[in-house]
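**Student:** I am attaching a structure below and will ask some questions about it afterwards.
The values are calculated or read from the model by the stated rules, or taken from the named source; none is laboratory data. Source: prediction; values computed, not measured. As a convention, Cβ positions derive from the backbone with ideal geometry for all residues, glycine included, and neighbour counts pool all protein chains shown.
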Amino acid sequence: MYRRLVVAKELLAEDGVFFVSIDDAEYAPLKLLLDRIFGEKNFLANLVWQTDGNFDNQARFKICHEYVLVYAVNETQVPSPPVIDPNAEESGKLFRDEIRNTIVKNGPKNPVSELTLPAGFPADFEEGIIPERQDKWPHFLGTAEIKNKKLISPVIIKSGWANKKLCERFIAGNFQPVFDTKNQLTTFILTQNGALENIKLRKTDQSHVVSVIKNVGSVQSAGAELLALQINFTYPKPVGLLEYLLSMIHGNDFLVVDFFAGSGTTAHAVMKLNQEDGGNRHFILVSSTEAVEEKISPNPPFAKGGTINESSFSKGGTEEEADDANNPSLGKRGIGNQETRDNVDEFAAFLPPLQKGGRGGFPDKNLCRDVCAERVRRVLQGYVNKKGEAVEGLGGDFAYFRAMRIPKGRVYEEIQDAQIWLALQLIHLETFQPFAADKPVQTAEFDHGLIAYCTKVNADTLMELEKLAADHAEVIVYAWQAALLRQHLPAANFIVEAIPAFLMNRFGDSHAT
C-alpha cells in the first residue's frame, strides 16, 4: 500500500487532490501513512459518508458510515471546492444571488466607535429621514436625510462594528464595491430603519462542502444499478458519491486516476459528469493482477474492449481494475479519444485468449475484464436492461490494456516489437496504432513532431527516416541499434534513444513492463 500511495502522489499535478475511502478498521493506520507521504499540512478533510444502507442489527454498534480522507499535493494550490452540499435547501441563503447582513456587532471584541457616513452614501430607500437617536444601535449623533437613495449630508453613527475597516475602504473608494478577505465583492448600504448592512455578491462557483456526506446513494442502490447493467458485483460504491467528490475539483478538463478500480464506478461517474456539462474529463482505472493463463506469450498488452492491468483509456478515460475502494487521484492531463476505441479490435488480434480467473468472490470471473471493462463498455455504448429496455449510452470511448512484467534479465529475449511500439505510444500519444510488421519504420505524430521505432537499421530504414526528417521539426527515433543510427543521422532534428534501455529506465530498472 505504501508504495502505491507514493506513486499516486508522484502522478498528481501540483494542484491535484487525493481521495481515499476507508472504514473504521483501517482508518487510523491509513491516516498516519498519508500524513507521512503527503505531509500533515496537506491534509484537507476527513469526510464522513453516511452509507444509507442496511447495517448489521446484531452488531454491538450499528455502523452506517465510511470515511473519505482528502489530501493535496500542495494545499496552497487547492481552492475551495466549487460545489454546494446536495442536501442544502434551495430556498436558503446559499442559493441567493446576494447576502445581506448588518455590520452592527457589539461585544468585548467589538468596542463602540464612531463611523462617519459622508454625503452620497447609498441607501436602500428612495427618500426619508432617520432621526437622531441614542436608544437603538447604531446610535445616530445627528439626523440622516435621504434623497434619491443617497445621504444628503454627513452623519456620525456609533456602535461596535463587524466590518468597519472594509466599510471605510468602501467609503474611500467613492462607494465602489470592494473585495473582502474571502475575495467576495462587497458594498454597504443604509436601510430605512437605520441599520448599516453589507451586501456580498455570490460567486458563480459557490462553495459549501460539509464534512458529512448524505443522500448520494448507497451500496444497495449501486448494486441495483449494476444488476440493471446485468453485472454482478458485491459492495460497489454509488455513482452519486463519486460524482460529488469529482465535482469538488475546479474545471471539467482533468485526469482522474483510480488505483482500486473495482466495478468501475469512477469511470461511470466521469462519463456522467462529462455528459452533464460537456466536459473533457478522462480516467485511468488501475487493477491488481487478475487470474489469467499463466503462460502468456509476450504479445502486446491489449484486450478487446477497453483499458485496465488489465487497464482502460477513454474520453471518459483509462481503466485498470481491483477492489472497489474507489480512490481517485486527480490531476490535469487528459487521455484518449475516438481513435483509441476504433483501434481496440485490431490490437485484440495480437492477444491470446484470457482464461477466466478466480478472485474477489467470483471464481468464474476476471473482475477487470468481466466486470469493470464490461460495465464501462455498456455505459459508453448503451445496453439492454433486465426488463428488455434499451438504455442509451453516455458516449465516449476507451481502451483496455493488460500490463505484464518482464524480468530485467529476460527483457532482450521476451519483449516483442508490438509491445515496444505500444509502450512508446502510451508515453507520447493519446491514440494508438497497431504494429505493422511490413513497415521498416513505425511512425506516429505527436504535438512536437514525430516518433519512430526501428526494429533494424538498413538502407531502407535510413531512407525512410531521412524523408521524415524533411517534413518534421523534431523526430524521436527509438531503435535497438541506437549507436549505429546516430552515426548515420547527423541532422539536428533527430533524437535517438536506445531500446530496450529507454523503456527499462522509464518504467524502472528492476522490471520492464
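**Student:** Looking only at the range 230-275, which residues are surrounded by 24 or more Cβ atoms within 10 Å (Cβ to Cβ) and of a type in the set (D, E, K, R)?
**Tutor:** Result: K237, D258.
**Student:** Quick check on the range 429-467: of everything there that is of a type outside the set (G, A, S) and in contact (Cβ under 8 Å) with a residue 40 or more places away in the chain, which residue is farthest from I284 (Cα to Cα)?
**Tutor:** Only one residue fits best here, namely Y453.
**Student:** What tally of residues in the range 130-142 results from selecting those that are over 16 Å from K105 (Cα atoms) and either aromatic (F, W, Y) or surrounded by 13 or more Cβ atoms within 10 Å (Cβ to Cβ) (or both)?
**Tutor:** Counting residues in the range 130-142 that are over 16 Å from K105 (Cα atoms) and either aromatic (F, W, Y) or surrounded by 13 or more Cβ atoms within 10 Å (Cβ to Cβ) (or both) gives 4.
This table checks each residue for (1) surrounded by fewer than 17 Cβ atoms within 10 Å (Cβ to Cβ); (2) closer than 25 Å to G128 by Cβ; (3) of a type in the set (S, T, Y).
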{"residue": "L151", "(1), (2), (3)": "no, yes, no"}
{"residue": "S159", "(1), (2), (3)": "no, yes, yes"}
{"residue": "L166", "(1), (2), (3)": "no, no, no"}
{"residue": "F170", "(1), (2), (3)": "no, yes, no"}
{"residue": "K182", "(1), (2), (3)": "yes, no, no"}
{"residue": "T186", "(1), (2), (3)": "no, yes, yes"}
{"residue": "N193", "(1), (2), (3)": "yes, yes, no"}
{"residue": "N198", "(1), (2), (3)": "no, yes, no"}
{"residue": "I213", "(1), (2), (3)": "no, no, no"}
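**Student:** In addition: Of the residues that sit in the range 1-36 and are surrounded by 20 or more Cβ atoms within 10 Å (Cβ to Cβ) and not in a loop (DSSP other than H, G, I, E, B), which one is farthest from the chain's Cα centre (by Cα)?
**Tutor:** So, considering only residues that are surrounded by 20 or more Cβ atoms within 10 Å (Cβ to Cβ) and not in a loop (DSSP other than H, G, I, E, B), the one farthest from the chain's Cα centre (by Cα) is L34.
**Student:** Within the range 86-134, how many residues turn out to be among the hydroxyl-bearing types (S, T, Y), part of a strand (DSSP E or B) and within 30 Å of S207 (Cβ to Cβ)? Explain how you work it out, then say what you get.
**Tutor:** Residues of the range 86-134 among the hydroxyl-bearing types (S, T, Y): 91, 102, 113, 116.
Now restrict to residues that are part of a strand (DSSP E or B): 102, 113, 116.
The next check asks that each one be within 30 Å of S207 (Cβ to Cβ); those that pass are 102.
So the answer is 1.
**Student:** Identify all residues within the range 221-264 that are assigned to a loop (DSSP other than H, G, I, E, B) and either acidic (D, E) or more than 24 Å from E392 (Cα to Cα) (or both); write none if there are none.
**Tutor:** Going through the range 221-264, the residues assigned to a loop (DSSP other than H, G, I, E, B) turn out to be 229-238, 247-254, 259-264.
Matches in the range 221-264: T234, Y235, M248, I249, H250, G251, D253, F254, F259, F260.
**Student:** Counting only residues that are modelled with pLDDT of 90 or more and under 29 Å from the mean Cα position of the chain (by Cα), which one in the range 435-450 is surrounded by the fewest Cβ atoms within 10 Å (Cβ to Cβ)?
**Tutor:** Here the answer is E445.
**Student:** Within the range 69-90, identify whether any single residue is free of Cβ contacts under 8 Å to residues at least 24 places away in the same chain and surrounded by 13 or more Cβ atoms within 10 Å (Cβ to Cβ), and answer yes or no. Even if it seems obvious, please write down each step before you answer.
**Tutor:** At the first step, the residues of the range 69-90 found to be free of Cβ contacts under 8 Å to residues at least 24 places away in the same chain are 76, 89-90.
Subset that is surrounded by 13 or more Cβ atoms within 10 Å (Cβ to Cβ): none.
Scanning the range 69-90 turns up no residue that is free of Cβ contacts under 8 Å to residues at least 24 places away in the same chain and surrounded by 13 or more Cβ atoms within 10 Å (Cβ to Cβ).
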